[in-house]
Ligand SMILES: Cc1cc2nc3c(=O)[nH]c(=O)nc-3n(C[C@H](O)[C@H](O)[C@H](O)COP(=O)(O)OP(=O)(O)OC[C@H]3O[C@@H](n4cnc5c(N)ncnc54)[C@H](O)[C@@H]3O)c2cc1C
Ligand code: FES
Ligand code: FES
């Protein structure tokens, strides 16, 4: 079985890791680095609970191999707040009660942050389209959409 | 549904040259498998459908992530260009908006950051969303193998579900699209169980342009997905549109013909009868939308 030495920056920290070929980025984050924000909902690219930023763009970490992120930068939900200061988007999720069980939230926040970065003033339709790969079984989505709108009004992510 | 366990064991090889991939495929046969985004391959491996011992990452081969547009030669999209890159590339948006629309209809935003154009075509699902656009834009698939490079027209590339004209030791390196005819317009209409984010129940690409050599003064091309073992052109419908004066009456007749050319199956997403009806509805809608841009 192939093992690979990789160097990857996760939430600003440089990590030196030994990973087997078949390990996914999601497994690497959760099982090697104990970063449990990204969740395993389906392991099949459907639910988005595992969404992280890879070089600034959201990807399903269950569909990426750990060895592929060698030399790259990964940000998980844990890396959004800076010095204990929640982002306007995270703040808006709290204000709007956009969280129930919370399983989808780390992925939702990552997808929504990425949306506001590429499109600071999205329409409701654009928000829905950007979050179509993030399933939520609890909230009915309305509060999540309102939270993203509030964050956008307050000047983006 | 329970989250499925991780991937089965395999060796990962990052290929630097196309010859290296060809050699690996020749030596290892079925045991070696090229991949780019992995969004089809990893799902099938996880489900136990295939068990490669080596997965060969081909997305770092020279040029395979490039988009090159030339005002004479047309567009060359590297096989490993992602759906999001296709959908927002200025030359694709300006000259091949139909291709951009099709790429943008695939899955979700985060999946489109990994899913590639070449992977979508190589996987050869009847539902492949970029296949109808590639068919009507008369795309050609560029293959590289033991005998060097060759091109296969998209119309001859798809042979059956998951089956293509690709040889066992060949890889797809790019897709070439000729310059679209002057004044052309196109639309890709996709019907899924949800408005966006799902595989298609039916996908219809309609492409039209003025042509003095056609009795009707126009030619239309129609590409269909999810309605037959392979994505296909509705050529009988296209003939009607070349012969008879453009307008509602002809469009209704052509849409009916496109429906007759479809041979869908019943599956979890829809029944064959519903799919047929939707081919007619979407073709008609597509023809009207393209005609509005042409007239
Ligand atoms: C949740 C989910 C939703 C999806 N929704 C859609 C959708 O709406 N529409 C749609 O069309 N598809 C959809 N797909 C399927 C998939 O995302 C696309 O087909 C994608 O474009 C495949 O590209 P890839 O780079 O990930 O392919 P890969 O998985 O890397 O490869 C696909 C196949 O091609 C082979 N291959 C890869 N590269 C090469 C090469 N260079 N030469 C020869 N063979 C090669 C691989 O061995 C494999 O068999 C979905 C998939 C998932 C998981
Ligand atoms: S766990 Fe990755 S998409 Fe569901
Ligand atoms: S809050 Fe429970 S899944 Fe979204």
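For region B:185-294, what is the relative contact order in percent, using Cα pairs closer than 8 Å and at least 6 residues apart in sequence?
Reported as a whole number, the value is 27 percent.
Using the Kirkwood radius over Cα pairs, work out the Stokes-Einstein diffusion coefficient for region B:67-177 at 4 °C and 1.567 mPa s, in µm²/s as a whole number.
In µm²/s, the coefficient is 94.
Across region B:34-104, what fraction of all alpha-carbon pairs, as a whole percent, falls in each successive 5 Å bin from zero upward?
P(r) for region B:34-104, in whole percents per bin: 3, 16, 21, 18, 15, 12, 8, 5, 2, 0.
Can you tell me the alpha carbon radius of gyration of the protein assembly as shown divided by the globular rule-of-thumb value 2.2 N^0.38 Å?
Scaled against compact globular proteins, the figure is 1.01.
Bin width 5 Å, origin at 0, all Cα-Cα pairs of region A:88-153: what percent of pairs per bin?
4, 21, 36, 28, 10, 2
Roughly speaking, what is the stretch gain from residue B:235 to residue B:19, that is 0.36 nm per residue apart minus the C-alpha to C-alpha distance, in nm to one decimal?
Length difference between fully extended and current span is 74.0 nm.
Using a 10 Å cut-off on Cβ to Cβ distances, tally the other chain neighbours for every residue of B:36-43 and report the average as a whole number.
4
Tell me what the protein assembly as shown gives for mean residue ellipticity at 222 nm when only DSSP H runs of n ≥ 4 count, each as -39,500 (n - 2.57), the sum divided by the residue total, rounded to 500 deg cm²/dmol.
-9000 deg cm²/dmol
With the contact rule set at Cα under 8 Å and sequence spacing of 6 or more, what percent relative contact order holds for chain B?
15
Using all alpha carbons of region A:1-67, what is the percent of pairwise distances in each 5 Å bin, ordered from the shortest bin to the longest?
Percent of pairs per bin, in order: 4, 19, 28, 28, 15, 6, 0.
Relative contact order of region A:88-153: what whole-number percent is it, with Cα pairs under 8 angstrom and at least 6 residues apart?
53
Taking N as the number of residues in chain A, what is its Cα Rg relative to 2.2 N^0.38 Å?
Computed over Cα atoms of chain A, the ratio equals 1.03.
Taking the Cα centroid of region B:145-211 and of region B:217-268, what is the distance between the two, rounded to the nearest whole Å?
Cα centroid to Cα centroid, the span is 16 Å.
For region B:229-285, take the convex hull of the Cα atoms, compute a quarter of its surface area, and give me that in nm², please.
Average projection, Cα convex hull of region B:229-285: 3.9 nm².
How do B:55-62, B:155-162 rank on mean C-beta neighbours within 10 Å, highest first?
By packing density, highest mean first, the sequence is B:55-62, B:155-162.
Would you order B:201, B:50, B:222, B:141 from fewest to most other beta-carbon atoms within 10 Å of each residue's own beta-carbon?
B:50, B:201, B:141, B:222
Starting from the Cα of residue B:149, move 7 Å in the Cα-to-Cβ direction to define the label point; list residues of region B:74-90 whose amide nitrogen is under 17 Å from there.
The answer is B:74-81, whose backbone nitrogens lie closer than 17 Å to the label point.
Starting from the Kirkwood radius over alpha-carbon pairs of region B:1-130, derive D by Stokes-Einstein at 4 °C in a medium of 1.567 mPa s and give it in µm² s⁻¹.
82
Averaged over its residues, how many other protein chain Cβ atoms are within 10 Å of peptide A:57-69's Cβ atoms?
Mean shielding count: 6.
Cα-based Rg (one decimal) and Dmax (whole number) for region B:185-294, in Å?
According to the Cα coordinates of region B:185-294, Rg and Dmax are 13.5, 45 Å.
Give me B:233, B:23 ranked fewest to most by other Cβ atoms within 10 Å of their Cβ, as a rough exposure proxy.
B:23, B:233
Note down the nm distance, to one decimal, between modelled labels 7 Å out along Cα→Cβ at residue B:281 and at residue B:249.
2.7
Percentage of Cα-Cα pair distances in region B:11-57 greater than 14 Å, rounded to whole percent?
The answer is 46 percent, as a whole percent.
So for each of B:74-84, A:76-86, B:165-175 I average, over its residues, the number of other beta carbons within 10 Å; can you give me the resulting order with the highest mean first?
B:74-84, B:165-175, A:76-86
Scattering from the C-alpha atoms of chain B alone, worked out with Debye: what is log10 I(q)/I(0) at q = 0.10, 0.13 1/Å?
Treating every Cα as an identical point scatterer, log10 I(q)/I(0) equals -0.53, -0.89.
FYI, it's all coordinate maths here, none of it is from the lab. It should be emphasised that the depicted structure is a prediction, and the values quoted were computed from it without experimental measurement. Cβ coordinates were reconstructed from backbone atoms using ideal geometry, including for glycine residues, and neighbour counts include every protein chain displayed.
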